[in-house]
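Everything on this sheet refers to the single structure shown next.
Derivation of every value follows stated rules applied to the coordinates shown; laboratory data play no part. These figures come from a predicted structure and were not determined experimentally. Neighbour counts run over all protein chains shown; Cβ positions are idealised from the backbone, glycine included.
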Amino acid sequence: MLQKFNSKNEDLLIYVNGTLHPRKEAKVSVFDSVVQGGDAVWEGLRVYDGRIFCLDRHLERLQNSAHALAFKQIPSNSKIRDAIFKTLKANDMRDGVHIRLTLTRGEKITSGMDPRLNQSGCSLIVLAEWKPPVYPPSIKLTTTSIRRNSAMSLDSKIHHNNLINNILAKIEANYAGADAGILLDKDGFVSEANGVNLFCVRKGVVYTPAADSCLPGITRGLVIEICQNNGLPMVERNLSISEFYTADEVFSTGTMGELTKIIEIDGRLIRNNFGTSILSKIQRYFRKMTNELGTPLP
Ligand code: PMP
């Protein structure tokens with residue numbers, strides 16, 4: 001699974017700190033914290049038919065991540081919302097769009113780690129691209145040697161830009177010929193894949209790893225709510241990789257690829273001995289949500 005360049009994205013207008021720039025001119029300073037230390041937080045959002053899906057949940061996670069990292073002069077939700085609306089309007093975008101929203105600690109007065117060198121507030125970037133869900137209908141995973149950070153080191157509740165762990169896992173997946181790489185947690189339980197959360201279904205019960213070390217993904221949260229609201233048994237607990245190998249169904253969740261069926265992990269085919277597909281049922285509920293919910297564009 002490799003994304004391709006979409007020529008529709010040639011002439012994008014990208015928002016950087018209050019101004020819209022053509023793609024080639026959209027830049028941050030070399031003194032920006034994201035360049036100096038990956039010191040930034042981000043969100044990926046989707047636009048469906050004139051509505052931004054789960055905008056409030058994404059803004060809440062962004063604000064919490066920035067607050068946990070002690071950013072100063074964090075822009076308000078209404079300012080961020082306006083920046084997103086302005087960017088979508090300028091690009092005439094209402095559907096089939098993915099937004100990469102980045103908030104950095106901002107520009108430093110000189111290179112260095114110390115946040116006190118940041119004296120002019122955060123940098124806000126809104127990159128909206130034409131990008132329908134990127135995963136094919138089904139994908140293969142491999143377990144990598146990369147462990148997901150636990151709260152002992154770098155808390156996964158902060159959705160930060162230090163993505164090297166995830167990138168290393170993706171490199172291993174690429175060499176293994178898989179679509180994404182699984183990261184186990186410090187105790188060897190499944191945490192998530194490099195850019196998506198994981199679920200398995202066993203004998204009609206839906207399971208997902210407890211969010212001790214995975215990102216508490218917004219799509220993951222929606223799937224949990226779908227199960228709870230529709231009488232589908234749902235359990236969050238530590239899960240070993242063998243429980244995924246022997247599950248009836250395995251799927252990933254994320255804004256980028258929505259809900260995606262996993263057909264193979266480490267060479268083990270996922271065999272549905274249960275017969276019926278709970279995933280298809282959850283996918284139908286999820287599609288109803290993307291069809292009906294979201295913040296309307298002005
Ligand atoms: N895990 C990781 C590591 C991610 O980067 C993402 C995407 N931000 C997800 C899971 C999925 O999260 P969400 O459902 O909020 O897009």
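Helical content alone sets the calculated 222 nm signal of the chain at -8000 deg cm²/dmol, taking -39,500 (n - 2.57) per DSSP H segment of four or more residues and averaging over every residue.
Charged neighbours of S29, selected by a Cβ distance under 14 Å, balance to -1 (K, R count +1; D, E count -1).
Where both residues lie in the chain, what percent of DSSP beta bridges are antiparallel, nearest 5? Taking every DSSP beta bridge within the chain, about 80 percent pair in antiparallel fashion.
Comparing H21, H98, H58 in a Gaussian network model of the chain (Cα springs below 10 Å), the most mobile by mean-square fluctuation is H21. Just checking the listed ones, D92, D155, D49: in the Gaussian network model of the chain with Cα springs under 10 Å, the one fluctuating most is D92. Using a Gaussian network model of the chain in which every pair of alpha carbons under 10 angstrom is joined by a spring, one finds that among F199, F274, F53 the greatest mean-square fluctuation is at F274.
Extent of region 138-292 along its three principal axes (Cα atoms, max minus min coordinate, largest first): 37, 32, 27 Å. Per residue, the average separation of C-alpha pairs within less than 8 Å and at least 6 apart gives the chain a relative contact order of 19 percent.
Here, P(r) means the percent of Cα pairs in each 5 Å bin from 0 to the largest distance; for region 5-154 it is 2, 9, 16, 18, 18, 16, 12, 7, 2, 0. Divide the volume of the convex hull around the Cα atoms of the chain by the residue count and you get 130 Å³ per residue.
The packing ranking of peptides 248-254, 116-122, highest mean first, is 248-254, 116-122, where packing means the average number of other beta carbon atoms within 10 angstrom of each residue.
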